[in-house]
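Below is one structure, written out as structure tokens; the observations come after it.
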Amino acid sequence: MQHTEGYLRVIAGAGSGKTKLLVSRYAYLVKEYGINSANILCVTFTNKAAGEMKRRIRSLIGSEYDTSLICTYHGFCVRVLREDVEKIFYPKEFQIIDTNQQKAILGEIYQKFELKLDHGSFEKIVKLIGIYKSQNRDYVQKMCIADKCQIKSSVETLDDQIIEAYLQHQKQIFAMDFQDLMFFTLDVFNRCPEVLEKWQDRLNYIQVDEFQDSSLTEMELIDLLSARHKNLMIVGDPDQNIYEWRGSDVKLLVDFDKLHIPTKTIFLNQNYRSTPQILRCANTLIENNVYRLKKDLFTESAAGNEV
């Protein structure tokens, strides 16, 4: 908790007090180390987790501190874009569209093509849109051009035409979906170094929760933000990686120390939630995972029933 400078990797097993560590270190930085809370970015993956972390931190440091940078990746990107998106010729009043709004937009597009948008076709086209954006990040710059231009380089198939129509609709109403928030933020940073430098100066400390669920794009964002002060703590568990289907890469956690030198690694092995019998079963199963950092959970809890 009192390790403050440099790269810190915490491998936190299930039920080992990971959240308590994060909130306690944040409180230590503010109350004991004298860091302005507005200069600490604490990232997690869901609004619910961010809200709980914010509540617990406020109970430790008081409600008078600025805790607005305890947020999700998407929440942080919105903050960046609301401040400076006009630098890439996009209005600050851009819309953020959710899944229901995506369905409505795509429903209209499918009607124009005399097609029916059902659950299966919606899931398929949203996945294809996501793949296109991930592989062609220059689409952001095309969406920021005032003149009408083709965004997708090729529109040979029907799926291509639907994706192009979706992108054009987004451009017309100045809308971003959740994936766009990250790519637009990285585009602002890449095209406007002064904006990146402002955030690098501002963020003295960065903490990232559930790091095993981070993607290469999220790692790119965090590396950019932490490049100046290099005070980055990541917390995660390779054995709890379940989101590869949405782009997470457990190697980012396992190999973190190879790309961020020097890195101090701490293991949280004591479990406060389960019985010895459950942990023995879990350890035996999990040790078969190939890509991991070896750890064995233990507990001082009383014995329970056999699994």
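Put Val188, Val78 in order of accessible area, largest first, 1.4 Å probe: what do you get?
Listed by decreasing accessible area, they come as Val78, Val188.
Summarise the accessible area of the chain (1.4 Å probe, protein heavy atoms) by the percent that is carbon and sulfur.
The computed percentage sits at 51.
Heavy-atom accessible area of Cys144 with all protein chains present, probe 1.4 Å, nearest 10 Å²?
So the heavy atoms of Cys144 present about 10 Å² to solvent.
Using a 1.4 Å probe, how large is the accessible area of His3, given in Å² and rounded to the nearest 10?
60 Å²
Of Glu108, Glu114, which has the most accessible area and how do the rest follow, probe 1.4 Å?
Glu114, Glu108
Taking the chain as the reference, fit the longest principal axis to its C-alpha atoms, fit the long axis of helix 18-27 to the helix C-alpha atoms, and give the angle between the two in degrees, 0 to 90, nearest 10.
For helix 18-27, the angle is close to 90 degrees.
Would you tally the net charge around Ile286, using a Cβ to Cβ cut-off of less than 13 Å, leaving Ile286 out, and scoring K and R as +1, D and E as -1?
0
On the full set of protein chains, 1.4 Å probe, figure out the accessible area of Leu293 and give it in Å² to the nearest 10.
30 Å²
Can you tell me which of Gly236, Gly130, Gly120 moves the most in a GNM of the chain? Springs connect C-alpha atoms under 10 Å apart.
Gly120
Rg and Dmax of region 166-307 over Cα atoms: what are they, in angstrom?
Calculated on Cα positions, Rg and Dmax stand at 19.8, 63 Å.
Just from its helices, what would the mean residue ellipticity at 222 nm be for the chain, if runs of 4 or more DSSP H residues each count -39500 (n - 2.57) and the sum is divided by every residue, rounded to the nearest 500 deg cm²/dmol?
-14000 deg cm²/dmol
Run the numbers for Thr284 and His169: contour at 0.36 nm per residue of separation, minus the present Cα-Cα distance, in nm.
36.2 nm
With angles folded into 0 to 90 degrees, how steeply does helix 216-226 sit against the dominant principal axis of the chain? Use alpha carbons for both and round to 10.
The angle comes out at about 70 degrees.
For Lys92 paired with Asn36, estimate the spin-label separation in nm (one decimal), with each label point 7 Å from Cα along the Cα-to-Cβ line.
The modelled label-to-label distance comes out at 1.9 nm.
Just the number please: accessible area per residue for the chain, 1.4 Å probe, all protein chains included, in Å².
Here the residues of the chain average 50 Å² of exposed surface.
May I ask for the angle, rounded to the nearest 10°, between helix 276-286 and the longest principal axis of the chain, with both axes built from Cα atoms and the value confined to 0 to 90°?
50 degrees
At a Förster distance of 35 Å, what's the computed FRET efficiency of Asp255 paired with Gln277, Cβ-Cβ distance as r, to 0.05?
E(calc), rounded to 0.05, equals 0.55.
The values are calculated or read from the model by the stated rules, or taken from the named source; none is laboratory data. Since the model is a prediction, treat every value here as computed from it, not as a measurement. With ideal geometry, Cβ positions are generated from the backbone for all residues, glycine too; neighbour counts draw on all protein chains shown. The protein model used for the area step is the full one, side chains on, heavy atoms only, and it has no ligands, DNA or RNA in it. Shrake-Rupley method; radii C 1.70, N 1.55, O 1.52, S 1.80 Å.
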